[in-house]
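**Student:** Below are the structure tokens for one structure; questions will follow.
Nothing in this text is a laboratory measurement; each read-out follows from the coordinates by a stated rule. These numbers come from a predicted model, not from an experiment. Every residue, glycine as well, gets a Cβ built from its backbone with ideal geometry; the counts of neighbours run over all protein chains shown.
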Amino acid sequence: MADTNEITMNILLLGKTKSGKSSLGNSLLGSYEFESQFFPYSLTTECRLCRIRIPQFARRMGKELCLKLQVLDTPGSPHSSLTQEEVKYKIKRALSQQFAEGLHMALLVLRADIPLYYKSPTQLFLSIQDLLGPNWIYFTTVIFTHGDQLHEAQIKEDEYIRSAPKTVSSLLEKVHNRYIFRDPLDRTLRGERAILASRLLDYVRQNSYQTLQTV
Ligand SMILES: Nc1nc2c(ncn2[C@@H]2O[C@H](COP(=O)(O)OP(=O)(O)OP(=O)(O)O)[C@@H](O)[C@H]2O)c(=O)[nH]1
């Protein structure tokens, strides 16, 4: 029987190569589990799942709740040594093997300091739909990495969102404005984990803990 004092969140990291997926995964896990480095090639070539349990994460009806976080890191696309088809195949296979019970949230990782290039918003939507199916819009949160660069440039987050190009604004509208800015320089790994995990748990609660079936 499932432990009712434990909440599970199955999280998928998606995004272009070098967008900061593995580093975000480490922040979520609160430790350096995924390899994340500055290199002139795509570091992640295989999907990899890491899990942690965070005791006493929240309370429900007077009881302590433990959060079980399962984070699936993926190779980015375009990739320096894999074709787009290979990346897609690896992600789909990992989703079916690791998250057979479904996915709570896909985190679409975008660099805030680099323009998001797609021919049109539709092209971007189709590429996500191709992986996650038509209900992706309910189970996707956009994570802007390199938020520290915005601070340096003295651009506020709401200002950035207001001036974002059509592809980004259409994407945020599609995912019901679920987005989070990451500013890793501002916090410790565990401090960032507490903030990210609780924002994500709010989104998962809003979905009544339902999961996206991807197979
Ligand atoms: N300044 C800053 N650097 C970041 C941020 N996120 C990631 N990085 C750095 O960007 C580089 C790439 O980050 P990764 O997490 O390895 O990116 P990835 O998407 O997993 O990369 P691949 O697996 O190689 O495709 C690393 O040097 C990170 O430390 C951020 O928010 N701000």
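**Student:** Take residue 116 and tell me if it is outside any helix (DSSP H, G or I), out of contact with any Cys (no Cβ under 8 Å at 6 or more places or on another chain) and within 18 Å of residue 16 (Cβ to Cβ).
**Tutor:** Spelling it out, residue 116 is indeed outside any helix (DSSP H, G or I), out of contact with any Cys (no Cβ under 8 Å at 6 or more places or on another chain) and within 18 Å of residue 16 (Cβ to Cβ).
**Student:** Quick check on residue 128: is it without any contact (Cβ under 8 Å) to a residue 12 or more places away in the chain and not small (Gly, Ala, Ser)?
**Tutor:** no
**Student:** To continue, here is another question. Would you mind stating whether residue 24 is of a type in the set (A, V, I, L, M), over 21 Å from residue 96 (Cβ atoms) and within 16 Å of the ligand (Cβ to nearest atom)? Please lay out each step first, then the result.
**Tutor:** Working: of a type in the set (A, V, I, L, M): yes; over 21 Å from residue 96 (Cβ atoms): yes; within 16 Å of the ligand (Cβ to nearest atom): yes.
Taking the combined requirement at face value, the residue satisfies it.
**Student:** Filter segment 135-159 down to residues that are farther than 25 Å from residue 204 by Cα, surrounded by fewer than 17 Cβ atoms within 10 Å (Cβ to Cβ) and under 20 Å from the mean Cα position of the chain (by Cα), then give me how many there are.
**Tutor:** To start, the set of residues in segment 135-159 that are farther than 25 Å from residue 204 by Cα comprises 148-156, 159.
Still in the running and surrounded by fewer than 17 Cβ atoms within 10 Å (Cβ to Cβ): 148-149, 151-156, 159.
Pick out the ones that are also under 20 Å from the mean Cα position of the chain (by Cα) and you get 148-149.
So the count comes out to 2.
**Student:** Sort through 71, 87 and tell me the only one that's in contact with a Ser or Thr (Cβ under 7 Å, 6 or more places away or on another chain) and under 22 Å from residue 20 (Cα atoms).
**Tutor:** Checking each option against the conditions leaves just 87.
**Student:** Please give the helices (runs of 4 or more DSSP H) falling wholly within segment 121-215 in which 2 or more residues are under 22 Å from residue 68 (Cα atoms).
**Tutor:** By residue number, 189-206.
**Student:** Let me ask you something else. Which of the residues belonging to segment 1-52 are among the basic types (Lys, Arg) and in a strand (DSSP E or B)?
**Tutor:** 48, 51
**Student:** Somewhere in segment 81-96, is a residue within 13 Å of the ligand (Cβ to nearest atom), touching a residue at least 24 places away in the same chain (Cβ under 8 Å), within 26 Å of residue 181 (Cβ to Cβ) and of a type in the set (D, E, K, R)?
**Tutor:** No, every residue in segment 81-96 fails to be within 13 Å of the ligand (Cβ to nearest atom), touching a residue at least 24 places away in the same chain (Cβ under 8 Å), within 26 Å of residue 181 (Cβ to Cβ) and of a type in the set (D, E, K, R).
**Student:** Something else about it: So which residues in segment 70-85 are within 20 Å of residue 97 (Cα to Cα) and in a loop (DSSP other than H, G, I, E, B), if there are any at all?
**Tutor:** Matches in segment 70-85: 74, 75, 76.
**Student:** I've got another one for you. Considering only segment 155-175, state which residues are farther than 19 Å from residue 120 by Cα and away from the ligand (no atom under 16 Å from the Cβ).
**Tutor:** 156, 158, 159
Conditions (1) among the β-branched types (Val, Ile, Thr); (2) touching a strand residue (DSSP E or B) at 6+ places or on another chain (Cβ under 7 Å); (3) buried (at least 17 other Cβ atoms within 10 Å of the Cβ), marked per residue:
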| position | (1), (2), (3) |
| --- | --- |
| 20 | no, yes, yes |
| 23 | no, no, yes |
| 28 | no, yes, yes |
| 31 | no, no, no |
| 38 | no, no, no |
| 41 | no, no, no |
| 48 | no, yes, yes |
| 64 | no, yes, no |
| 71 | yes, yes, yes |
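**Student:** When the residues of segment 164-214 are filtered to those that are hydrophobic (A, V, I, L, M, F, W, C) and without any contact (Cβ under 8 Å) to a residue 12 or more places away in the chain, which remaining residue is farthest from residue 25 (Cα to Cα)?
**Tutor:** Filtering first and then ranking leaves 164.
**Student:** Give the residues of segment 83-115 that are farther than 28 Å from residue 69 by Cα and surrounded by 20 or more Cβ atoms within 10 Å (Cβ to Cβ), sorted by residue number.
**Tutor:** Listed by number, the list is empty, since nothing qualifies.
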